[in-house]
Amino acid sequence: CMKRVQTALGTDKLPINILSIAPWVLCGQVIDEYRDGRVFFGGDAAHLNIPTGGFGFNTGMQEVHNLAWKLSYVLRGRAPDSLLDSYHTERREIAVFNVETSRENALRIRETGAALGAEIEDADEIDADTEKGRRQRKKRADAIVDQTTHFMFLGQEIGFGYWDSNIVTSDDSLHYVEEHNVENAIYTYIANAKPGARAPHCWVMDRNEVRLSLLDLYATTGFTLLIHGDVSGWKNTLADVPENIPFKVYTIGNESAKPDLVDIDGVWNKFYGIETAGAVLVRPDGHVAWRATTNAGNHRGITVAAALKKSLSSV
């Protein structure tokens with residue numbers, strides 16, 4: 001151990017005192033069930049992530065984000081206990097993906113010679129200006145390029161979604177990876193509001209001329225319905241929304257239309273896939289529950305109220 005520390009530091013001149021030595025094994029595991037009656041598992045209690053790429057903390061925070069609003073709604077009598085079953089169905093698959101991705105990173109990084117505690121093979125001339133040294137450097141350089149998704153992973157970080165959840169109303173739209181022929185889904189993220197997706201950030205201005213992110217809005221208003229343009233076309237469909245459910249309706253658009261929220265950068269329609277007078281329903285955890293890409297008259301799916309009830313039923 002002393003030799004390895006000195007090798008890592010590049011000197012044997014520094015005074016070093018080793019206090020203890022303990023074994024550590026790379027381990028990637030996910031619990032079988034996220035719920036057992038009144039007990040819910042999350043974070044390190046639910047999964048052990050290998051640190052190459054990690055995502056243990058990110059995954060745990062996502063889990064708490066998913067569970068907190070559901071617990072609140074059940075405890076306040078706004079939703080049945082069965083809603084809490086969706087915590088397992090929505091989150092475990094994502095945890096498995098994150099753990100397995102970290103495992104793949106751990107295997108792939110060995111090709112660079114940077115494997116933790118391993119001897120670096122075929123590197124005896126890596127610093128030399130020789131044919132063998134150049135070959136060794138190229139091998140490591142190619143391996144480093146292959147580490148892209150180990151360190152740059154926006155698609156994994158915010159592109160995850162609950163596409164097949166039974167409390168999300170699908171609109172049968174393509175995932176952005178398929179729609180845009182994305183080569184690397186871990187590396188690439190394209191803002192979208194496919195039901196189940198994490199609703200994308202947009203800058204907006206409210207009626208008090210306060211600049212804010214839509215993400216901040218979702219965190220404070222319960223269920224949020226954003227309507228592009230005039231709300232009148234949707235009024236009949238809102239009549240059946242349960243009165244005990246925190247629910248806020250905002251119109252959004254350009255400044256000339258005098259909406260509740262001005263789309264500062266003019267990107268909301270594109271990011272959310274909404275045409276004129278379309279609408280999108282966002283859950284308290286910021287994930288899209290339902291979307292109507294066209295106006296109320298042309299929308300062929302279920303109503304806003306029906307989608308809201310589905311989001312709280314887990315049946």
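The values are calculated or read from the model by the stated rules, or taken from the named source; none is laboratory data. Small disclaimer: the values here were computed from a predicted structure and weren't measured. Positions of Cβ are generated from backbone atoms using ideal geometry, with glycine treated the same way; all protein chains shown enter the neighbour counts. Side chains included, ligands, DNA and RNA excluded: accessible areas come from the protein's heavy atoms. Shrake-Rupley method; radii C 1.70, N 1.55, O 1.52, S 1.80 Å.
Return the tail of the calculated pair distribution for the stretch 184-315, meaning the percent of Cα-Cα pairs more than 20 Å apart. Don't jump to the answer; show the numbers that get you there.
Values: 3530 of 8646 pairs.
Roughly 41 percent, once rounded to a whole number.
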Worksheet, complete the sentence: Cα-Cα longer than 27 Å, checked against Lys258/Lys309; Lys194/Lys309; Lys13/Lys138; Lys248/Lys270, kept in input order, equals Lys258/Lys309; Lys13/Lys138
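Could you grab the relative contact order for the chain? Cα pairs under 8 Å, six or more apart, rounded to a whole percent. Walk me through the numbers on the way to the answer.
Values: 505 pairs, mean separation 48.7, N = 315.
With pairs under 8 Å counted, the relative contact order is 15 percent.
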Worksheet item: Roughly how many Å² of Lys138 are accessible to a 1.4 Å probe, to the nearest 10?
Response: 120
Worksheet item: How many angstrom separate the Cα center of the stretch 43-75 from the Cα center of the stretch 202-253?
Response: 27
Item to complete: Bin all alpha-carbon pair distances of the stretch 1-154 at 10 Å intervals from 0 and give each bin's fraction as a whole percent.
Response: 9, 26, 25, 20, 12, 7, 2, 0
Discussion item. Can you tell me the orientation of helix 56-75 relative to the chain, as the angle in degrees between its alpha-carbon axis and the longest Cα principal axis, to the nearest 10?
Written reply: 30
Worksheet, complete the sentence: Under the helix-only model (-39500 (n - 2.57) for each DSSP H run of 4 or more, divided by the residues of the chain), the mean residue ellipticity at 222 nm, to 500 deg cm²/dmol, is -9000 deg cm²/dmol
Fill in: Extension gain, Asp81 back to Lys138 (0.36 nm per residue minus Cα-Cα distance, nm)
14.8 nm
Worksheet item: Using θ = phi - 60° and the Karplus form 6.51 cos²θ - 1.76 cosθ + 1.60, what ³J(HN,Hα) does each residue of the stretch 96-102 get, whole Hz, x for Gly and Pro?
Response: 4, 4, 5, 5, 5, 5, 5
Response to the item:
Placing each pseudo-label 7 Å from Cα in the direction of the beta carbon, Asp240 and Asp32 end up separated by a distance in nanometres of 4.0
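In whole percent, how big is the carbon plus sulfur part of the accessible area of the stretch 69-184, probe 1.4 Å, protein atoms only? Walk me through the numbers on the way to the answer.
On the way: 3520 of 6880 Å².
On the stretch 69-184, the fraction of accessible area on carbon and sulfur atoms equals 51 percent.
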Fill in: Solvent-accessible area of Asp171 with every protein chain in place, 1.4 Å probe, in Å² to the nearest 10
50
Discussion item. Need one value: the accessible area of Tyr176 in square angstrom, 1.4 angstrom probe, rounded to the nearest 10.
Written reply: 10
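Please compute one quarter of the surface area of the Cα convex hull for the stretch 26-114 and express it in square nanometres. Walk me through the numbers before you get to the answer.
Details: hull surface 22.2 nm².
Quarter of the Cα hull surface area: 5.6 nm².
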Worksheet, complete the sentence: The whole-number value in µm²/s of the Stokes-Einstein translational diffusion coefficient for the chain, with Rh from the Kirkwood sum over alpha carbon pairs at 20 °C and 1.002 mPa s, is 95
